[in-house]
Amino acid sequence: IDYGEFNGAVYAMGLEEDPKLLRDFWAFVDEDDSGEVTIAEFQNATYLLVLAGWDDYDDKQLKALVNRLNLAVETRHERKTFFQTQQGPQQEERFNWYKIFVMLDLDGSGRLGYEELLGCIRGGYPCLNLTKKMFSTCWVQGLWKAIDVDRSGDVTVDEFVAFMRRNAPPNPGKVV
C-alpha cells in the first residue's frame, strides 16, 4: 500500500490521529523509502514496535531466567528419559539445548516463534506448565527479546542454542 491508502484506512476506521504522527509512523514502516509498504515490511515494523515496549534484561537477569527454565525442564522431564540418546546410556550434557529446541518447535518448522516459546512455557505436559506467577509474561517477553537478536520475529536453532549456552548456569555437570 502507499501512504494515501494507509492514511485513508486509518481515517476509515474512525481513528483521528495527528497527521505528523501518522507520517512519522509511515516513515518508520517504509524503511526503504520506496513510498510503498509490503505486508512483510508492515509486520516487521509493528513487531519492532511491540519489542520496544518489552523489558530489557541484563546478563545476570537473563542467566537467572535461563536457570529457572533449566530447573523446570529437569523437574518436568526425567533426565534419564528426556535426555537419553539413541546410542544407549552415556554421559551427556544435562541441558541439551537442541533437544529442548525441538520440543519447543511445535510446528516443526526449524524456527521458533514467540507464541511457540510462550506455549511451551505455559502448556501442559510435555511442556513446562509454568504459570504466570511462576514465570511472568514480562520474563517470557524479555527472554524472547534477548534471544531474537536479529529482530526477525523468529529464532533459528543456532540462535537459540547459542543464547542458551551463553546464559546457562556455569558448569551444569554431567549425568549418566
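For the stretch 113-159, state which trypsin sites (Lys or Arg not before Pro) are in a DSSP loop and have at most 16 other beta carbons lying within 10 Å of their beta carbon. Write down the numbers at each step before the final one.
Values: sites: Arg122, Lys132, Lys133, Lys145, Arg151; in loops: Lys132, Lys133, Arg151.
Here the trypsin sites (Lys or Arg not before Pro) that fit, given the DSSP loop and packing criteria, are Lys132, Lys133, Arg151.
Counting Lys +1, Arg +1, Asp -1, Glu -1, what net charge surrounds Asp107 among other residues with beta carbon under 12 Å of its beta carbon?
Within the 12 Å Cβ shell, the charges total -3.
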Cut-off under 5 Å, modelled amide H: who pairs with Ala168 long-range = none
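For Glu16, Glu31, Glu116, give the ranking by accessible area with the largest first, probe 1.4 Å. Numbers along the way, then the final one.
Details: Glu16 165, Glu31 145, Glu116 25 Å².
Final ranking, largest accessible area leading: Glu16, Glu31, Glu116.
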In sequence order, what are the phi-derived ³J(HN,Hα) couplings for the stretch 11-28 according to the Karplus relation 6.51 cos²θ - 1.76 cosθ + 1.60 with θ = phi - 60°, rounded to whole Hz, with x for glycine and proline?
-> 6, 5, 7, x, 8, 10, 9, 4, x, 5, 4, 4, 5, 5, 4, 4, 4, 5
Over the stretch 1-70, consider all pairs of different Cα atoms and compute the Kirkwood hydrodynamic radius from their mean reciprocal separation; express it in Å, one decimal.
-> 14.5
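The values are calculated or read from the model by the stated rules, or taken from the named source; none is laboratory data. Owing to the predicted nature of the structure, the values given are computational and were not obtained by experimental measurement. Note that we place each Cβ from the backbone using ideal geometry, even for glycine, and neighbour counts take in every protein chain shown. The accessibility values were calculated without ligands, DNA or RNA, using every heavy atom of the protein model including side chains. Shrake-Rupley method; radii C 1.70, N 1.55, O 1.52, S 1.80 Å.
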